[in-house]
1. Using only the C-alpha atoms of the chain, find the volume of their convex hull and express it per residue in Å³.
2. When the label point is put 7 Å from the Cα of GLU20 along its Cα-to-beta-carbon vector, which residues of the range 48-87 have a backbone N closer than 20 Å?
3. Please compute the per residue accessible area over the range 135-226 with all protein chains in place, 1.4 Å probe, rounded to a whole number of Å².
4. For the range 102-142, report the convex hull volume of the alpha-carbon atoms normalised per residue, in Å³, without decimals.
5. Considering amide H positions built from the backbone, and no H for Pro or chain starts, which residues 5 or more places from SER234, or on another chain, come under 5 Å of its amide H?
6. Can you compute 3J(HN,Hα) from phi for each residue in the range 220-225, using the Karplus curve 6.51 cos²θ - 1.76 cosθ + 1.60 with θ = phi - 60°, rounded to whole Hz and x for Gly and Pro?
7. Separation between the GLU175 and GLU157 pseudo-spin-labels, each 7 Å from Cα along Cα→Cβ, expressed in nm?
8. How far, in degrees from 0 to 90, does helix 40-49 lean away from the longest principal axis of the Cα atoms of the chain, to the nearest 10?
Amino acid sequence: MRLVTWNVAGRVTRQPEQAEAVTAVGADVVALQEVTARTLPLWRDALVDAGFVDCLASLDDVAAVRGRRALGVLTAARETLAQLPLPRDVPWPERVLCCALGDVEIVNLHSPISPAPDLAKVRTHEALFSHLAGGGAGPRILCGDLNTPRRELPDGEVLTFAHDSSGRLRPERGERWNDAERALVRGLRDHGWVDAFRSLHGYGEREASWTFARDRGGWRLDHVLVHGLEPVASAYAHDWRRAGLSDHSALVVDLARA
């Protein structure tokens, strides 16, 4: 299975170029984040034209969102998808989509950012970890823009956005925040999950998938984590970001049965 995950930044005028890039990689599964009510029909048309037979979108099932921009997620596949219930206690349901491709569960997540109100980021990560750490009947994939970590260390440990730029825990965020952000990108490893990029490439390169202007700084926020599947190839499409198609790099991963 080839999967591409990409935060497409809600872009309207660049959507045809985005779709051309996505459909050219030969993916079996496409997982997009920051799909809007305006771009959703454009994506559906483009993916159908490219041979995808099923396309599920979180915005189809969510009532009008008030007080924030409605940014949804979309999952498309070349075979039939079955939509699954959301994990309990997800605060912003338009940011998560769970579906099954045969016996493989695919969870597409766009995490709220740190300044989001009511601890939306913390509660999202806690809810997803509770859902995913408990195990499932078959292989599982978590993909998307997880908006963490702040830093990855050579031994695979992480610093989260509960820390400041010097690595100190911020008292206004504290241990609960840190534990929640670590839960997916670090904690799931203790439950048999594998980072599809780092398992193949190690921690020698920073590989920021979101950067400031001219590739300065940034963080690796976009991930594919798997359980019961073996990553055989993975690469970030940094050139799509550098061409201005989005402010995020896509991640393309090839997976085999473990």
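The values are calculated or read from the model by the stated rules, or taken from the named source; none is laboratory data. Bear in mind the structure is a predicted one, so any value in this text is a computation, not a measurement. So basically every Cβ, Gly included, is an ideal-geometry build from the backbone, and we count neighbours across all protein chains shown. For the accessible areas, the whole protein counts, side chains as well, though only heavy atoms, and no ligand, DNA or RNA atoms are used. Shrake-Rupley method; radii C 1.70, N 1.55, O 1.52, S 1.80 Å.
1. Each residue corresponds to 124 Å³ of Cα convex hull volume.
2. What the label zone holds, given the 20 Å backbone N cut-off, is 48-52.
3. Per residue, the range 135-226 has 45 Å² of solvent-accessible surface.
4. 59
5. ASP254
6. With coefficients 6.51, -1.76 and 1.60, one gets 8, 9, 9, 9, 10, 10 Hz.
7. 1.6
8. 60
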